[in-house]
Structure formats: C-alpha cells, structure tokens
Amino acid sequence: MNLILLGAPGAGKGTQAELLTQKLSIPAISTGNMLREAMANGTELGKKAKKFMDEGYLVPDELILGIVADRVAMPDCANGFILDGVPRTLAQAEALEEKGIKIDHVVSIEVDDSEIEGRMTGRRVCSKCGASYHVAANPPRAEGVCDACGGALIVRKDDAPETVRHRLEVYHASTEVLKDFYGKLGRLRLVNGSQSIEGANEDILKAIGAKV
Ligand code: AP5
Ligand code: MG
C-alpha cells in the first residue's frame, strides 16, 4: 500500500507516519527528516536546502524529486511506503505520476491553523532519528531522550512562531491545492487531526481500509 500524508505544518504527519509504519510494516519517508539529516551531515543537498528550510520556504522541486525517486526504489519499499511531507506542490505531485509512482490513498490530516502554534512550541524532535514528541500531548518516557533510539531531543529551528506562521502561509498557497488534485483522482481521504493521536490514527486506518 502506497500512502501520502498531507497536512499543514504540525498537523501530525510525522507522528502518524511513525504509528502507521509499525502497524502496516512499511517504511515512512519524510523529506523533512531527510533534508535535516543532510544538513546535519553537511552534504551538498543539505547546504542547498538550509536557507529555504530555516526560513520556512519550500526547497526547490528538483532537489526533492531526486531524493524521493531514489528512496522509493529501495527494496524495503517493495510492499509499500508512507510519504510524509511530499508531494508538497502540484509539480511534485505531477512528477510522481509521470514517474509511475503509484499512490493508493492520500490522507489529509485536517487541523485548524489556530491549533498549530501550541503544537509547535511544545514539540521536541529526536536529533538522531527525527521522531516527534510533545511536552504535554506525547511526552517521551524520559525527559529529553528519544524512546525509539535514545537520541537527544531538540527544538526545531523552524518552529519559531514567526517561521511557523510563514510555513502555514506556504502550506495554504502551495500545498493545499493537492487536495483538489487527488480528490479528482478519487484518492483523497480527509481525517480529523484535532483529536487524540490514537483517535486520529484509528480514523486513518479506517479511511485506508486497514485493520484498526
Ligand atoms: P517538514 O519536516 O515536513 O515539516 P512540516 O510539513 O512543516 O510539518 P511538521 O514536521 O512541522 O509537522 P508534522 O505534520 O509532521 O507534525 P508532527 O507529527 O511533528 O518540512 C520542513 C521543511 O523542509 C519545509 O518547510 C521545507 O523547507 C522542507 N521540505 C520538506 N519536504 C519538502 C518538499 N516535499 N518540498 C519542498 N520542501 C520540503 O506533530 C507536531 C506536534 O504536534 C508534535 O509535538 C506532536 O507530538 C504534536 N501532535 C501530533 N498529533 C497531535 C494530536 N493529535 N494532538 C496533540 N498534539 C499532537
Ligand atoms: Mg514532520
């Protein structure tokens, strides 16, 4: 099963991708995490992406498409994959279609903008594996330490309130249109993201016809 998770910054794409990867036994592919890793490793891709990411702009499509096409061609994606945060523009969605990357369901996690800032100020992410936590809604077992890999939890640079506001604008201007695009293809599933993490996860599983 090949899935896309769509949604505003902070809607819960990363959180749900981690849960779905365990339940469906298919890998989660987060372009945000891949780019942050590239930045941390100082690769050419990381250097090119940095200024866009720090200011909350989208990284150019051609940089994204290369890394996604390579990643979904890896053997662990043979039974399916979950795309978290990609596609994010019409050009990216069209390029996936042109490359013959088949998508079964596009789940849009719906959360009102007014809820997003609180989520972002409380978010902590793992500096090693990218796992997402929240100080109140989803705390780690030990403060400051990732449950999954033991990495140190940090605050993302782009979670500063003014950058979050800008990322929301970018979402509404460039990404939201993908709901129309996939709606017309009959693949769009809307899920309420303004509920508990577990509740949203159950609704996603139902929406894609998987066992809850
Ligand atoms: P990316 O890393 O993808 O960021 P984003 O889309 O802005 O989304 P976030 O990761 O901020 O939020 P999320 O939906 O994953 O929420 P999370 O689960 O963490 O991209 C970052 C940047 O990289 C972009 O700005 C761009 O520059 C670049 N980029 C990446 N992909 C690109 C692409 N394809 N094209 C171009 N550029 C690209 O949850 C948020 C918080 O809320 C957490 O604290 C979590 O614990 C909490 N939470 C989650 N669910 C709930 C709930 N139900 N109730 C309460 N709290 C909850
Ligand atoms: Mg994320």
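Filtering region 158-185 to residues that are of a type in the set (Asp, Glu) and within 16 Å of ligand 2 (Cβ to nearest atom) leaves Asp158, Asp159.
Within region 18-32, can one find any residue that is among the acidic types (Asp, Glu), within 20 Å of Ala207 (Cβ to Cβ) and open to solvent by 60 Å² or more (accessible area, probe 1.4 Å)? Yes, because at least one residue in region 18-32 is among the acidic types (Asp, Glu), within 20 Å of Ala207 (Cβ to Cβ) and open to solvent by 60 Å² or more (accessible area, probe 1.4 Å). The C-beta contact set for region 100-125 (first residue closer than 14 Å to Thr15 by Cβ and open to solvent by less than 20 Å² (accessible area, probe 1.4 Å), second residue in a strand (DSSP E or B) and away from ligand 2 (no atom under 14 Å from the Cβ), distance under 6 angstrom, 6+ apart or interchain) comprises Val107/Arg189; Val107/Val191; Ile109/Val191. Considered as a group, the residues in region 116-127 that are charged (D, E, K, R) and modelled with pLDDT of 95 or more include one that is nearest to ligand 2 (Cβ to nearest atom), and that residue is Arg123. Residue-level check: of (1) near ligand 1 (Cβ under 9 Å from one of its atoms); (2) in contact with a helix residue (DSSP H, G or I) (Cβ under 6 Å, 6 or more places away or on another chain); (3) open to solvent by less than 30 Å² (accessible area, probe 1.4 Å), Asp61 misses just (3).
Screening Ala78 with (1) open to solvent by 10 Å² or more (accessible area, probe 1.4 Å); (2) hydrophobic (A, V, I, L, M, F, W, C); (3) in contact (Cβ under 8 Å) with a residue 12 or more places away in the chain gives one miss only, at (3). Restricting Ala148, Ala152, Ala200, Ala210 to residues that are of a type in the set (Gly, Ala, Ser) and crowded, with 19+ Cβ neighbours inside 10 Å narrows the list to Ala200. The criterion of at least 1 residues that are polar (S, T, N, Q) and modelled with pLDDT of 95 or more is met by the following helices (runs of 4 or more DSSP H) wholly inside region 140-212: 161-170, 197-207.
So that you can scan it fast, the table gives a plain yes or no per residue for (1) of a type in the set (S, T, N, Q); (2) over 18 Å from the mean Cα position of the chain (by Cα); (3) more than 24 Å from Thr31 (Cβ to Cβ):
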| site | (1), (2), (3) |
| --- | --- |
| Glu143 | no, yes, yes |
| Asp158 | no, no, no |
| Thr163 | yes, no, no |
| Glu176 | no, no, no |
| Lys179 | no, no, no |
| Gly186 | no, yes, yes |
| Asn192 | yes, no, yes |
| Lys211 | no, yes, yes |
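Scanning region 117-139 for residues that are in a strand (DSSP E or B) and under 16 Å from the mean Cα position of the chain (by Cα) yields Arg123, Arg124, Val125, Cys126, Ser132, Tyr133, His134.
Cβ-Cβ contacts under 6 Å between residues 6 or more apart (or on different chains), taken from a first residue in region 26-44 that is more than 15 Å from Leu58 (Cβ to Cβ) to a second residue that is modelled with pLDDT under 95, are listed as Asn33/Gly130.
The values are calculated or read from the model by the stated rules, or taken from the named source; none is laboratory data. Predicted model only: the values in this text are computed from it and were never measured. Cβ coordinates were reconstructed from backbone atoms using ideal geometry, including for glycine residues, and neighbour counts include every protein chain displayed. These area figures cover heavy atoms from the full protein model, side chains too; ligands, DNA and RNA do not enter into them. Shrake-Rupley method; radii C 1.70, N 1.55, O 1.52, S 1.80 Å.
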